[in-house]
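Below is one structure; the comments refer to it alone.
Every read-out reported here was derived from the displayed coordinates using simple, explicitly stated rules and does not represent laboratory data. Quantities reported herein were computed from a predicted structural model and do not represent experimental measurements. Methodologically, a virtual Cβ is constructed for each residue, glycine included, from the backbone with ideal geometry; neighbour enumeration extends over all protein chains shown.
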Protein chains: 2
Amino acid sequence: MNIQNIIKQHHLELLFQQGLFGIEKESQRVYADGSIVTTDHPKAFGNRSFHPYIQTDFAESQLELVTPPSKTLENAMRWLSAIHEVTLRTLPEDEYIFPFSMPAGLPPENQIKVAQLDNPEDVAYREHLVKSYGKYKQMVSGIHYNFQLEPAFVKALFEAQTEQKSAVDFQNDLYLKIAKNFLRYQWILLYFFSATPTVDKNYFRNGSPLKPNQYVRSLRSSQFGYVNDPEIKVSFESLQSYADSLEHWVNSGKLIAEKEFYSNVRLRGANKARDLVKTGIQYLEFRLFDLNPFAPYGMTLEDAKFIHYFILLMAWLDHTADQDDVELGKTRLAEVAWEDPLSSTTYSVEGELVLLEMQKMLEALQASDEIKTIVKEKFAQFANPRDTLCANVVVAIEKFAGYQKLGADIAKGNKKNASERFYALSAFDNMELSTQALMFDAIQKGLKVEILDERDQFLSLQYGDHIEYVKNGNMTSHDRYISPLIMENKVVTKKVLAKAGFNVPQSVEFTDIESAVKNFPLFENRAVVIKPKSTNFGLGITIFQYGVQNRDDFAKAVEIAFREDKEIMVEDYLVGTEYRFFVLGDQTLAVLLRVPANVVGDGVHSIKELVAMKNDHPLRGDGSRTPLKKIVLGDIEKLQLKEQGWTIDSIPPRDLIVQLRANSNISTGGDSIDMTDQMHESYKQIAVGISKAMGAAVCGVDLIIPDLTKPAEPHLQSWGVIEANFNPMMMMHIFPYAGQSRRVTLDVLKMLFPEMK
Amino acid sequence: MNIQNIIKQHHLELLFQQGLFGIEKESQRVYADGSIVTTDHPKAFGNRSFHPYIQTDFAESQLELVTPPSKTLENAMRWLSAIHEVTLRTLPEDEYIFPFSMPAGLPPENQIKVAQLDNPEDVAYREHLVKSYGKYKQMVSGIHYNFQLEPAFVKALFEAQTEQKSAVDFQNDLYLKIAKNFLRYQWILLYFFSATPTVDKNYFRNGSPLKPNQYVRSLRSSQFGYVNDPEIKVSFESLQSYADSLEHWVNSGKLIAEKEFYSNVRLRGANKARDLVKTGIQYLEFRLFDLNPFAPYGMTLEDAKFIHYFILLMAWLDHTADQDDVELGKTRLAEVAWEDPLSSTTYSVEGELVLLEMQKMLEALQASDEIKTIVKEKFAQFANPRDTLCANVVVAIEKFAGYQKLGADIAKGNKKNASERFYALSAFDNMELSTQALMFDAIQKGLKVEILDERDQFLSLQYGDHIEYVKNGNMTSHDRYISPLIMENKVVTKKVLAKAGFNVPQSVEFTDIESAVKNFPLFENRAVVIKPKSTNFGLGITIFQYGVQNRDDFAKAVEIAFREDKEIMVEDYLVGTEYRFFVLGDQTLAVLLRVPANVVGDGVHSIKELVAMKNDHPLRGDGSRTPLKKIVLGDIEKLQLKEQGWTIDSIPPRDLIVQLRANSNISTGGDSIDMTDQMHESYKQIAVGISKAMGAAVCGVDLIIPDLTKPAEPHLQSWGVIEANFNPMMMMHIFPYAGQSRRVTLDVLKMLFPEMK
């Protein structure tokens, strides 16, 4: 089979470049000085027995972060970013993620705790590793790169050739070809991406093999790294011989299990090599890669793309390495690993030849300019070894007088960056903040998250076989469909709430002055507000806070309202402050007070300056990508100031609150203040009752309350409900301007998955 | 207290004219000849122990139709109309509703069955009535008119006066004033509205008191009607004396219960007169009225309005009748009842004086021209007794040689009219047909229906304390909120259904020719349809029904599609017929085939004529007020004909189906054909599964199936789901063009109220 010809003839160029990607990244939790922590894996990450994203590898301190399989590397990297942000923000304050593959500041072996997994077999396996390799070697971390060819490509290729009759055998042959060629040429990737030039002396049981000031390209890929005994040789000639030889080593006791075979390529698709013969190899796992300490998540997107095309090249090449070639490749890898990272490699000619083939392939595939540029840059590194990652790492280590110090510095910077916009998931910043917050919690606790529609904020969450769909962070299967329909219709909302016995302000609409005035007796002595139906900056509104006593006053108010609109409303006026109750099921989880945009005087700064200072608050921004909005000094604010006798240059006295807006919306710079603990319990119960009357599982209820400390009474003077919202904002409760944060998204998850512990 | 002054001074004119109205209308079920049926109350009306609308009065044959309390008489009449339509369409084919108060064709007494109520006390009471009055007298029917003054009016009146300190006493006095004045002047209403000039001879136990050819105004209100023994006198002087005297008659055994006191005014608000002293009279029930045989529901809206203002007048008058006046009024009533309906009444002067007062009141209240005109017309009837209702009834009876024959004729006409648009409720025709159908079923079975928002199709349904809200006929609390959100988003729908393992046609979108053609290998050998994203009359669509084999063919199809839109789709093509499955809970209740607009040739008529004939079908109309739409011969239809070589004047041969449309929508004249029984069970189960995967309680699922008789198989060649609809049309299942009707609205009610039997 000439794969290149088939791709060309059958126009499979695009399909060939598609596939599925997954990244697993190990790394050590460390203290501020870069030394490995002795603490347990944080409980906040939930249960490791099912966590799809945040696991431990060998040791309790060794995180393994896993992305879901993704159709593009861009997406895999987005997930890696999100999982990192969740992890970094969840770690104890004094813990960080070490950016180097080689551990630093290793504690005495007996202080290293093997990962405390539920499954005793998993623990026994680790105990075996301790005996065979010692704990230190197991603390080395790296990145595993998983790749699956697009199945439609494999199918098309199979159908286009004639030699192989079995589709499964064909697929196995194809993946084996990639594996073997990869093992033959893997040294090239090592040359570009290695980043473990040194390690602490105490890492070695029998003294360091490194001369003083010696650096190598990759300790991790050298005989001192995370490798099997050299006598363990496994055949890649065929899947049959692969299974035979692997089983031989396990049976002979040299390997405790097949998974102890640390090949830089693993054939994936079944737990046992033998089963692959039938099921077929489904994808390959490449385990060669050191952590790139300069990439916040251990590998850059560009490098990941290079690796992708390098893997494709392994399939594209005319020849297939045989077992001797594989062994030759492993030898070269060890040699290159021990080279001086600042010098040329012995095998640069071979490397350049392979990359020339790669460039030819890119031309044939009409690949993107982006990947062509990446390959060109790598090509140049054969001539300029000081441009390789490892050379740069060495320079940085020298500068920081040691990789532990450098690593600690990078680790702190990474954590700081990941926490800057602590309310968001950077990689999913095109989605709503509340959905980001829910995803944060789901990733932290280990629910499988799938984005069904990014623009539509539609998620699928999964725990075991249990799937739940969530839209906009809180619209779920727990709400009854009739609820939003009721809440969308204000007339129906009022009727339903009144039917259920809640205090609802009544309103009557009029389309002419005469009939409004005729109905005065309906409102006599009642506290009412008379307003045009479509209110516009408060024009035409009259409030009779203490009851409208007089017919003439009423008539005048009606007339004023009719100047602004063809239809007016006379509505019960509620005296008091508006609070937002966030109800979930049987509980009011949070109560919020929204205060109009304001600044507090200090007797020194002008209003303009005070606004600028207030706008510096980390929660304030454009309001869509931040929980709060910056105050704008626009016309409305200036008018508001003018009415109070101020200009933006006035210097208000100390502690005076200067109101900049009449409305309390967060979207116009208002403050959100948590009042959950201050609110009398009786109102919280009323809010729950209102939510239930609507059949809602999650509901935002707006109550007007004159005195939040007094128990509720059954009349409009004590409280009144003005609105119920079926898609309540959650961010303002999670990240209020003042008062305690209420992590309501986590409660949404607990409601959806009560079985999750 | 001078009520007139207070109303004027406090501008209570509008409030005075407001109130709450309720109509109870008795009538006999009869056969086509007008004789009373001997059948049981139809089981289809559900359980009389709670039915709020359709009850039985004394006898099993005697319907009592009850409207809910309504704020306007217009609304009360709408309900009366709806309840009548439901009743008439539910009655057995050979049963009708007799339009006269006096029964005709009375069967022997022993064949009259007393109403079979669940409560033994109710049955015992009726047995007592049989003994005291005989069965025939109890078969007399009438209308009870319930009226409550606007409570805000009563409150305003109370607050404006100073004499009475107790609000309850004040309210009782006011209602007692109305009651007494009404009893004093009730003969006037009798003069206008009486309609029982005669009755069959056998109605009388001791021979008819009527001379041959004698007619009277109201047998029903005469001593031969439905009245107590004349010795039963009850005092209306005060609520106290009313309770005293009523209890006296009950204790003496002359009345079996207070309710046996057949006053033309009943004080309502408590079960016992004694309790009214504390609770206060809440409303009045006026029982004077004969059925108007010419009004389809026993009373016209105009007459109901006149009665309303007559009642208001009883409050408005300066004087309050005393007990002597009340007795005088009762005597006059009996006298006028026995007058010749074609002659003047003895008391026309008094009548004219009272109506003059009424006209003055209307002026003072600035009442509508409408009511002024009504009163004017009635006024004239004192001078023209032949214009009274009763005189007209007599003329009609003479014409038809008897009221039984006349009544039978009217009854048949009423039933025919009520059944003409059998799929609608005329009074609620501004609502969607599906909501009308649901209301029909709810009224029939006795769920309390409240319209929360007419334009928004929002209903509240109640059974006991159990309230359910319904929008658009099938959007309920049983659906999960996430369901419509999933179904609204086609991308998410596909993902959810694919995740759940259903056959979903996949589609890929492209924005340029090049990338579409590059992806050809994805579609090679698959049955696909290539189409512009926004399809327009099928332009630019290419279907590869047997798989796209050839890259060039694919490229050409892509190019054609791009001529019509900037974005194209390549979608799995499903071979087969589209069926709509109506799923409710665990069941597919109906399966429908929608056929494009068509006519079947007869070898005689032209296509134009065939269309006109088909459009005569009772289900066809404008499509919004009818279940099916008339076929229009527009440009698209003519083009469709042209392609087949026809014009609208062509005469197609016998049995040839001429297709007039390519699309099968009902809205463009398509036919709906029930296929529920023909469809293989396996597809019905698939539809249920799809609905469940969406979390829907009620769902319309569109499946493409090549052979509905073969069991479903798990691949797209056997079936595929193309859409799920969360607000599926119900009318097309209830009233299909062909095939069996499936009354799915009733299943919706059963789902909401499983406790209802």
Nearest 10 degrees, 0 to 90: what angle lies between the long axis of helix A:490-499 and the longest principal axis of chain A (Cα atoms)? 70 degrees
Expressed in angstrom and rounded, the centroid-to-centroid distance over alpha carbons for segment A:237-254 and segment B:166-241 is 109 Å
Label point 7 Å beyond Cα along the C-beta direction, distances from residue A:651 to other copies (nm, shortest first): 10.4
Mean ellipticity per residue at 222 nm, deg cm²/dmol - from DSSP H runs of n ≥ 4 across chain B, formula -39500 (n - 2.57): -11500 deg cm²/dmol
Can you give me the C-alpha center-to-center distance between segment A:359-424 and segment A:583-602, rounded to a whole angstrom? 45 Å
Could you pull out the longest piece of chain A with no exposed loop chymotrypsin sites (Phe, Trp or Tyr not before Pro) in it, calling a site exposed if DSSP puts it outside H, G, I, E, B and it has at most 11 other Cβ atoms within 10 Å? A:1-536
Averaged over its residues, how many other protein chain Cβ atoms are within 10 Å of peptide B:515-522's Cβ atoms? 5
Checking the a/c ratio against 1.5 first, then a/b against b/c, what shape does the Cα gyration tensor give for segment A:253-404? oblate
With the cut-off at 27 Å, tell me which of the pairs A:556/B:360; A:471/A:692; B:272/B:330; A:490/B:445; B:165/B:305; A:629/B:471 have Cα atoms farther apart than that. A:556/B:360; A:490/B:445; B:165/B:305; A:629/B:471
When Cβ neighbours within 10 Å are restricted to other protein chains, what is their mean count per residue of peptide A:499-506? 1
Label-to-label distances across copies for residue A:551, with labels 7 Å out along Cα→Cβ, in nm, shortest first? 9.0
Neighbour-limited loop hits for trypsin sites (Lys or Arg not before Pro), segment A:128-232 (at most 13 other Cβ within 10 Å; DSSP other than H, G, I, E, B): A:165, A:205
How high is the relative contact order of chain A, given as a whole-number percent (alpha carbon pairs under 8 Å, six or more residues apart)? 12 percent
Between the helical axis of B:323-337 and the dominant principal axis of chain B, each derived from Cα atoms, what acute angle in degrees is found, rounded to the nearest 10? 70 degrees
Quick check: the angle from helix A:403-420's long axis to the longest principal axis of chain A, C-alpha only, nearest 10 degrees? 30 degrees
Tally Lys/Arg at +1 and Asp/Glu at -1 over every other residue whose Cβ is under 14 Å from the Cβ of residue B:253; what's the total? -3
Count neighbours as other Cβ atoms within 10 Å of each site's Cβ, and list the GluC sites (Glu not before Pro) in segment A:423-474 that are DSSP loop with at most 13 such neighbours. A:454
With viscosity set to 0.692 mPa s and temperature to 37 °C, compute the Stokes-Einstein D of chain A, Rh being the Kirkwood radius across alpha carbon pairs; µm²/s, no decimals. 108 µm²/s
Using only Cα atoms, locate the centre of segment B:635-663 and the centre of segment A:608-629, then give the distance between them in Å, rounded to an integer. 68 Å
Could you identify the residue of A sitting closest to the A-B rotation axis by Cβ and state that distance rounded to whole angstrom? A:481, 3
Classify the protein assembly as shown: rounded, prolate or oblate, from the alpha-carbon gyration tensor (a ≥ b ≥ c, eigenvalue square roots; a/c under 1.5 rounded; otherwise prolate if a/b is larger than b/c)? prolate
Residue B:494: which aspartates and glutamates have alpha carbons under 18 Å from its alpha carbon, excluding same-chain residues fewer than 8 sequence positions away? A:450, A:453, A:454, A:456, A:468, B:509, B:571, B:572, B:578, B:702, B:723
Between residue B:450 and the same site in the other copies, what are the distances in nm, shortest first, taking label points 7 Å from Cα along the C-beta direction? 4.4
Considering every residue in B:156-168, what mean count of other chain Cβ atoms within 10 Å of its Cβ is obtained? 1
